[in-house]
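Take a look at the structure set out below.
The values are calculated or read from the model by the stated rules, or taken from the named source; none is laboratory data. Keep in mind the model is a prediction, meaning the values are calculated, not measured. Cβ sites come from the backbone with ideal geometry, for glycine too, and all protein chains shown count toward neighbours. Heads up: the accessible areas ignore ligands, DNA and RNA and are worked out on the full protein's heavy atoms, side chains in. Shrake-Rupley method; radii C 1.70, N 1.55, O 1.52, S 1.80 Å.
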Amino acid sequence: MKNLVRLSKSVIGEKEIAAVTQILQKEFLGMGPEVQAFENDLAVFIGDNRQVVCVNTGTAALHLAVQACGIGPGDEVIIPSLTYLASYQAISATGATPVSCDVLLETGTIDPEDAAKRITPRTRAIMPVHYASGWGRLEQVYDLAQKHGLRVIEDAAHAFGGIYKGRRVGASGDIVCFSFDGIKNITSGEGGAVVTADPQIAEYVRDARLLGVQKDTEKRYARERSWEFDVTIQGWRFHMSDIMAAIGRVQLKRLEEFTTIRVRLAKNYARLLKEIPNIRLLNIEYGPVIPHIFPIFIGQDKRDKVRQALIDNNIQCGIHYKPNHLLSRYNLGYSLPVTEKLYQETLTLPLHPDVTEEQQEKICDIIRQCGDR
Ligand SMILES: *Cc1c(COP(=O)(O)O)cnc(C)c1O
């Protein structure tokens, strides 16, 4: 469809294509020097001497982070239900149980007070999710974790590049996981990263991404591999390839370009929607926050009407997210009122670097007209 306004999309240019071509011409497509270079680029970008380990998806990053904490069957991880299914599957993949908690109405991020109520002797970690790229009351999450001796694994899939307390997201905190899938703030095609200052976690993830083969990473970076080795842990084939890293390295250089556009678009939406009755926006400071998605909340049961009007005009929109505690696999038999209210009201508007201001005006006009009827 020619005039379709897409909800999200990859933005790829000649430089990414040239970078991939160069890798293809080397006829070495596995995990090699390009992945090492991407990890170095990311470590420099994030700063504060953090270790960066790249993997093939954000989901794999979360899964390996949970596993690296020694979390498994019988353990519990507290997580806001308002997140992508991937965060839940990453926890349950280790055999641990994701324990759903509620979010804050103003930001859609984890409610630390509700999280505190869900702590049991089996709780081992909290996984805050930077919903729509904001971090909400992250400080309180760390206070809570410290008080109870819990690890914190941040699902920062939406938040790459953001500035939290004057430093890049990932420069502080316990374990921070990013996604570089096709539609995130930057992409490596598919991909993800675990970022931490804890050398044991980093080493565990480095081994576990390559079937648990001890210290195989160094060999791979030299385009070799281990023939004599030992294995003590469950590993996976979760490593990143040089093709993906080549895309990621170009995209990292373009982050500033993408940031300027994403921030401008979000501020423009906020301006256009501000006067419309029954529309609520998240309380987020764009600039430090680089928005990955732009959810709005529509009161008085008008969400589905607005959604249909946008679809009728060839405008894609989304619902972020179907709460995970409502899925059969993760239903623990209690309800989460704020999460369920947000789910009823939410609609995500198109946000990616190719959205135009003209399109934004059209979208907001349609929303306004729905409210008038
Ligand atoms: C995208 C995303 C993930 C998973 O990342 P993939 O790279 O797609 O596996 C996890 N959590 C959230 C909140 C995400 O948006």
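Odds and ends about this structure:
- Degrees separating the helix 255-273 axis from the principal Cα axis of the chain, which is the longest one: 20
- Loop-located trypsin sites (Lys or Arg not before Pro) across the stretch 2-106 with a Cβ neighbour count of 10 or fewer within 10 Å are LYS2, with loop assigned by DSSP.
- Using Cβ point charges alone (K and R +1, D and E -1), the dipole size of the stretch 14-253 about the Cα centre works out to roughly 160 debye.
- Carbon and sulfur %, accessible surface of the chain computed with the full protein complex present, 1.4 Å: 48
- 5 Å-binned pair-distance histogram of the stretch 60-167 (Cα, whole percent): 2, 14, 26, 25, 21, 9, 2, 0
- 3J(HN,Hα) along the stretch 65-70, derived from phi through the Karplus expression 6.51 cos²θ - 1.76 cosθ + 1.60 where θ = phi - 60°, amounts to 5, 5, 4, 5, 7, x Hz, with x in place of Gly and Pro.
- Net charge, GLU345 excluded, C-beta distance under 14 Å - Lys, Arg +1, Asp, Glu -1: +3
- Rounded to the nearest Hz, the phi-derived 3J(HN,Hα) couplings of the stretch 299-311 under the Karplus curve 6.51 cos²θ - 1.76 cosθ + 1.60 (θ = phi - 60°) are x, 6, 6, 9, 4, 5, 5, 5, 4, 5, 4, 5, 4, where x marks glycine and proline.
- Annotation for the stretch 175-228: trypsin sites (Lys or Arg not before Pro) lying in DSSP loop with at most 15 further Cβ atoms inside 10 Å of their Cβ are LYS215, ARG223, ARG225.
- Compared with the alpha-carbon gap, the fully stretched path from LEU29 to GLU228 is longer by 69.4 nm at 0.36 nm per residue.
- Within-10-Å neighbourhood charge of PRO80 [Cβ basis; K, R +1; D, E -1]: -4
- Given their separation in residues at 0.36 nm each and the Cα-Cα distance between them, LYS147 and ARG167 gain 4.8 nm when the chain is fully extended.
- Those GluC sites (Glu not before Pro) in the stretch 24-79 that DSSP places in a loop and that have at most 14 other beta carbons within 10 Å: GLU27
- Accessible surface, per residue, of the chain when the full set of protein chains is kept, probe 1.4 Å, Å²: 44
- For q = 0.11, 0.15 Å⁻¹, Debye-computed log10 I/I(0) when each Cα of the stretch 14-253 counts as one equal scatterer: -0.53, -0.97
- Note on LYS165: aspartates and glutamates with a C-alpha under 20 Å away, same-chain residues under 8 apart excluded, are ASP48, GLU106, ASP111, GLU139, ASP143, GLU154, ASP155, ASP174, GLU256, GLU285.
- Gap separating the Cα centres of the stretch 268-331 and the stretch 128-150, nearest whole Å: 23
- Surrounding net charge for GLN316, when Lys and Arg each add one and Asp and Glu each subtract one, Cβ distance under 11 Å: +3
- 20 Å Cα-Cα reach of LYS253 towards lysines, excluding residues that sit fewer than 8 places from it in its own chain: LYS9, LYS15, LYS184
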